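Okay, structure first, notes after.
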Amino acid sequence: MSNGWLLLAALVLPFAGALLAGFLPTNARNAAAVLAGAIAVAGCAIIVALYPDVAAQEPVRLRLDWLPMLGLDFTLRLDGLAWLFALLIFGIGALVALYARYYMSPDDPVPRFFSFLLAFMGAMVGVVISGNLIQIVFFWELTSLFSFLLIGYWHHSAMARDGARMALIITAAGGLCLLVGVLLVGRIVGSYDLDEVLASRELILDSDLYTTALVLILLGAFTKSAQFPFHFWLPHAMAAPTPVSAYLHSATMVKVGIFLLIRLWPVMAGTDAWFYMVVPAGLITLLLGAFAAIYQQDLKGLLAYSTISHLGLITLLLGLGSPLAAVAAIFHTMNHAIFKASLFMAAGIIDHETGTRDLRKLSGLYRYMPFTGTLAMVAAASMAGVPLLNGFISKEMFFAEAVADHTGSLLDDSLPYWATLAGVFSVTYSLRFILGVFFGPPPIDLPRRPHEPAHWMRFPIELLVLICLLIGIVPSFTVGPLLATAVESVLGGSTPYYSLALWHGFTLPLLMSCIALGGGILLYLALRDYLNSGIEGPPVIRGLKGQRIFEKALATLALQWAPAAEGALGTRRLQPQMRLVVLLAALAALSPILVGGVAGTGTLPATPVEPAFALMWIVGAGCALAAAYQAKYHRFAALVLVGGAGLVTCLTFVWLSAPDLAVTQLLVEIVTTVLLLLGLRWLPKRIEDNYPTRPPLSTLMRRYADFGIACAFGGALAFLSYCMMTCPLPESISRFFVERAYTEGGGTNIVNVILVDFRGFDTMGEIVVLCLAGLTVFALLRRFRPAPESEELPEQQRLQDALDDAAPDRTPGDTVSDYLLIPRLIMNWLFPVVAVLAVYLFMRGHDLPGGGFAAGITLSIAFVIQYMASGTRWVEDHLRVLPLRWMGLGLLTSVGTGIGSWVFGYPFLTSHFQYLDLPVLGKIPLATALLFDLGVFALVVGATVLILIALAHQSLRSTRASQATEGGERWR
C-alpha cells in the first residue's frame, strides 16, 4: 500500500470504528474499549510509519478528484506539523481509551461513548491532514458536532446539556465565520489547495480582502480555542466525563484553533493587523484564565481555566509574528497536551475514588493515594514551569520572546511584565492543586473512602508523566527531532536557530522564571486563607462571567426578538407566509436584472402554435386558476384541479418529445396526490369569511395585492423565458450531452445519463434533500399519535356499529374500511404487476425512459395501493418495509459508487460501462451508474413509504394506539 493510501486508512479507521462501536450491545464495555484502543494504536502505528518521509520534508500526499471543474479535490497532506498533531491525537486517544475503560460506569451506555470518541478522533485527524481549505472547514464542523455529543453524553444532567449547547453554538458560529474566511482566501489565491495557498503569501497580503479574511479566520480560531471573549464555554464543558476533558479540552479540540493559526502563520502573520488582533486576545486570555483558575473550587474548573490561560499563551506567541515565537508556540502546544491530559486524568481518578471534585472537601489525599499524588504533583509542577520538566523549557522560550523587540509599541514593551505576572499566577494555581488536594488534614465526610485506582487506570498518567520528565531532562534526544520536523514544515527556509539546552546562563528569562516561582509561592500563601474560606473568586470575577452574557443573549433572542418576529411575520394562514416567500425569492431573482438589465428579446422566430397544444394549455391554465379559487372553499376539489394541471404538464412533455419527464411527472402526480389526500385532514381549519354584505376594504385590498403579485411575477418569468428562447446561443449545451452520452456515459437515454453521470453530484444532493424531507415529515407527525379507541370519530363509530349488525360472522379485526374501499383482491393482484413494472423501468433506464427515480416512485405506488387495500398493518407485517434502512442503504450505495471510482484513479462518481455477454440473453449493457441509480431507487422508496406510514398512522386513528409509541423503532 502506498503512503498516500496509508494516510487515507488513518483517516477512515476511526470513523469505521465509530460505526462498529455504535452497533455493540449497551453492556459491551470491554469490547468497545478494546476496539477504540486498537484503532488508536493502529492509527499511531500508521503515523509513525510515515515519519521517514515527513522527516525528509517530503509531505505525504493523496489527491482524489472530487469536483475538478470547481477546483475541489479530496486531498490529504501530511507534513511535519500535521504529523505532530496526528501523533498527539492518536497517542493520547489510545491512553484515554484505556483510562475510560476503568472510569466509565458499567451502567452507562459505554459503546455509545466510544462511538462518539472515535468519530471525534476521525474528525480531528481530518482537520490536521486535510490539504484543502474547504475540507478543513468540513472536518472542523464535524469536531464541533461530535464534541457536542461527547459533552452532552450524560444527557440526563442539565449542566451537561447546557454545556454542550453552549459549546456547539459558539464553536459552530465560529466555524461559519471560518468558512467565509477561507472562501475569501480561495478567491484571492484562485485555489483552495493548501500547497498553493501556502505559496501565495505576497498575493494574500497585498489583497484588499486580506483584513476581512483575517478577521473571519481569527473568529473561527478564537471560538474553537476558547480565546477571550469566547473563553467561557470551556469551563462549562467540564460537565462532560473526565476522559472527554482529558482528550478534547486539553489535547485535541481546543488545539484545533491553535493548529489553524500555525498552519496559516506563514502566509497571514507578520502584519500589524495580525499583531494587534492576535496579541491582545492572547494576552487577555492568558491573564484572565490564570487569575480565574486560582479561585476555582472545582478541581476540573481549575484545570479548565488553566487550559484557557495556556491557550492564550500559545496564541500570544503566534501573534508576535517572529519565527522563534512560532517555534515556542509549537513546542508549548505539545508540552501542554502532555501534562494537561495527565492532570485531567488525575482529577478524574480523584473524583472516581473519592466521589467529589470540590476542593473545599479534598485535603490530605497523599496518605491514601501516594502514587497518584506523586504523579499529579509532577504534572502540576510541569504546568507551573519548574525546571527539569517539559513545561519549564517552553515557558523559558516564551519569556525570551516576551523580552524580545517586535514592533516597539507600548504593548510590545509591556509584555515582559505581563508574562511574569502570568507566570506568578500559574505557580499559584499549581500550588493550590498540589497542596489543597494532597496535603493538609485528612478529608472529612467524603462520599467514598479514597484509595488508589486500578493500575491500568493509572498507567496513562504514568506514561505521560514519564514523557514530561524525559523531555525536561534530555529534550534534544527525545523531542528535538520531532520538534525540528514540525518547525521546518511551517517555517521552511526561515527556520531560526534555537536551542533546547537546559542551561543558557544567567539571563533575563531565567530571572523572570525565578520571580514567577517565588512570586507564585508568596501569592498562594497570601491568598490561602481566602481560598480556604470557600468563596469562589473575588467579586470582579464573580460578576464578569461570560455565561451570563451568553444566557442573556439567548434569553433576549428567545423571549423578545423571536416573539416580536413571530408577531410581525407569523400567522395562522398559509397565504401571508407564502406571500413573503414569493416576494423574497422574486427579489433575489430580479436583482441581477435590476443591476445589469436585460440584453434583449433576441432574433429567433417564434414557433407556430398548434391549436390542440393551445387548447391543452388553456385547460391546464383553467385548472390552475380554478384550483386557486376552490382552495378557499373546497380543498379536495382544489387538489383534483391541481392534478388536472399536473396532467396537462405531463402531456406537454409528451408533446415536446420528453418521455422521461412525462413518465416521471405522471408517477409523481399519482404519489403526491395520495399523500396530499392523507394530509388534507391535518391542515388547519379554514377561517370562514362571515361578512353581512361584502368583504371590508382591507380584505379586498389584500386579495387584489395577491392577484397583482401573481400576475407581475408570473409575467416576469414568462418574459424571461421568452428572452431565453428567442436569443441565439453560440453553441447549445445539449449538443455536448448528445455527442457524449453513449461514448462516455454508456447510455442512449440522455436524460438518465445526465442524472447519474454528468450531473451525478447534483442528483446526490437532491436525494439527500429528499431524505431530509422524509425524516422531517416523520419527525413532525410522530408527535401526533393515533387516538385510542374511545376517541374515534362519531361517524366512524356509527359505521362500525352498522357493520357489526350486518355481518356478525365477519373476520375478527375487520373494520368498515375493509368493506367500503376498492376490493382488496384486485389491489393485491396489482401489487406484483406494479412491482415488476418498477423493475422493468429500473433496468431499462440507462437506454430508454425510466431509471432509478421513476422505478422508485413506481414501487412506492405499489405500496400505496396496498395501503389503500389493507392499511399500514399489511405493509408492516407482511412486507416488513423498513424505510429508514432503505434510505440509509440508498445513501450508502450512491456514495459508495462515487468513492469506488477513486480506487481506479478517476474523479468522484465517474462511471464505467461495458457489455456483458450472457447465455441466451446475449449482450447486455452494464454501467457502474446502475449502482448509483440503485441507491436513488432505494432512497426514493424509503422516503416515500416513510411519509406514507407517518401520514397513514395519523389518518387511520387505528386501535393500535398502544403500539404507535414504539412504531418509530419498528419502522427502522
For each pair in Lys224/Lys361; Lys361/Lys395; Lys395/Lys552; Lys340/Lys361, compute the distance between the two Cα atoms and list the pairs where it is over 30 Å.
Lys224/Lys361; Lys361/Lys395; Lys395/Lys552
Extension gain, Leu569 back to Phe459 (0.36 nm per residue minus Cα-Cα distance, nm):
33.6 nm
For the pair Ile899 and Leu19, the simple spin-label estimate (label points 7 Å beyond Cα toward Cβ) gives in nm 0.5
Assuming R0 = 25 Å, can you tell me the calculated FRET efficiency for the pair Val668 and Val836, based on Cβ-Cβ distance, to the nearest 0.05?
0.80
For Thr507, Thr485, order by how many other beta-carbon atoms lie within 10 Å, fewest first:
Thr507, Thr485
Using R₀ = 25 Å, calculate the FRET efficiency as 1/(1 + (r/R₀)^6) where r is the Cβ-Cβ separation of Ala658 and Met868; round to 0.05.
0.25
When the dipole is taken about the Cα centre of the chain, and only Lys, Arg (+1) and Asp, Glu (-1) are charged at their Cβ, what size is it in debye, to the nearest 20?
1900
What's the longest piece of the chain with no exposed GluC sites (Glu not before Pro), counting a site as exposed if DSSP puts it in a loop and it has at most 13 other beta carbons within 10 Å?
1-687
Against the longest principal axis of the chain, how steep is helix 272-294, in degrees 0 to 90 to the nearest 10, with axes from Cα atoms?
70
Give me the angle, in degrees from 0 to 90, between the Cα long axis of helix 370-384 and the longest principal axis of the Cα atoms of the chain, rounded to the nearest 10.
90
Full-extension gain between Thr748 and Ala558, please, as 0.36 nm times their residue separation minus the C-alpha to C-alpha distance.
62.9 nm
Quick one: Cα centre-to-centre distance for the range 198-258 and the range 411-428, in angstrom?
23
Taking Cα pairs under 8 Å and at least six residues apart, what relative contact order does the chain come out at, in percent?
9
Would you mind checking the tilt of helix 852-877 against the longest principal axis of the Cα atoms of the chain, expressed as 0 to 90 degrees and rounded to 10?
80
Show that you can apply the helix-only estimate: for the chain, add -39,500 (n - 2.57) for every DSSP H stretch of four or more residues, divide by all residues, and state [θ] at 222 nm to the nearest 500.
-23500 deg cm²/dmol
For Asp358 and Ala628 in one chain, what is 0.36 nm times their gap in residues minus the Cα-Cα distance, to one decimal in nm?
90.5 nm
Just want the ordering: Ser426, Ser105, Ser489, Ser200, from fewest to most Cβ atoms lying within 10 Å of their own Cβ.
Ser105, Ser200, Ser489, Ser426
Would you mind calculating the relative contact order of the range 281-415 from Cα pairs under 8 angstrom and at least 6 residues apart, reporting the percent as a whole number?
23
Kirkwood hydrodynamic radius (C-alpha pairs) into Stokes-Einstein, the range 1-150, 25 °C and 0.890 mPa s, D in µm²/s:
156
Give me the one-decimal nm value for the distance between modelled label points at Met69 and Ala501, 7 Å along each residue's Cα-to-Cβ direction.
6.2
If one computes P(r) from the Cα atoms of the chain, what percent of pairs lie at distances over 49 Å?
38
The range 84-128: percent of C-alpha pairs farther apart than 17 Å?
33
Quick one: dipole size for the range 273-418, taken about the Cα centre, charges +1 on Lys/Arg Cβ and -1 on Asp/Glu Cβ, in debye to the nearest 20.
540
Amide H to amide H, which residues 5 or more places from Asp298 or on other chains are under 5 Å from it, using H placed in the peptide plane?
Leu359
Enter the per residue convex hull volume of the range 446-510, computed from alpha-carbon coordinates, in Å³ rounded to the nearest integer.
194
Farthest toward the dipole's positive end in the chain, which of Val663, Gly492, Ser430, given Cβ charges of +1 (Lys, Arg) and -1 (Asp, Glu) about the Cα centre?
Ser430
Give me the one-decimal nm value for the distance between modelled label points at Thr26 and Phe713, 7 Å along each residue's Cα-to-Cβ direction.
5.0
In range of the label at Phe636: residues from the range 657-675 whose backbone nitrogen is under 16 Å from the point 7 Å along Cα→Cβ
673-675
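Bear in mind these aren't lab numbers, they're just calculated from the coordinates by the rules spelled out. Quick caveat, the model's predicted, so the values are computed rather than measured. Using ideal geometry, Cβ is built from the backbone for each residue, glycine included, and neighbour counts are taken over all protein chains shown.
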